[in-house]
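Taking it in order: structure first as structure tokens, then the write-up.
The values are calculated or read from the model by the stated rules, or taken from the named source; none is laboratory data. Quantities reported herein were computed from a predicted structural model and do not represent experimental measurements. Cβ sites come from the backbone with ideal geometry, for glycine too, and all protein chains shown count toward neighbours.
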């Protein structure tokens, strides 16, 4: 994914990548999984007999800051307040994970 500022002035941005992780459904489960995160990655997994999971990882760049998070809901984060549904971690339930990138793009820059 590439962001480009098509205007003549610098613009701030916030881009959120999000995933509703239902790893436990692989066992015909109830969509409840274990969730946790650290600075560059957030994940959800099913540690049962058939271990399944998904991890989102931020690749740091010089032009963007980022933070990862997990939510105690499967719904997408509020783009104006992406940290409204943060649980204590590790968290067990029907949740989701995301990465929030923030920065400024110069005029005509990618």
Query raised in the report: Out of the residues in segment 23-68 that are in a helix (DSSP H, G or I) and surrounded by fewer than 16 Cβ atoms within 10 Å (Cβ to Cβ), which is modelled with the highest pLDDT?
Result: 25
Report task. Name every residue in segment 75-110 that is within 12 Å of the chain's Cα centre (by Cα), buried (at least 16 other Cβ atoms within 10 Å of the Cβ) and either free of Cβ contacts under 8 Å to residues at least 60 places away in the same chain or assigned to a loop (DSSP other than H, G, I, E, B) (or both), in order of residue number. Result -> 77, 82, 95
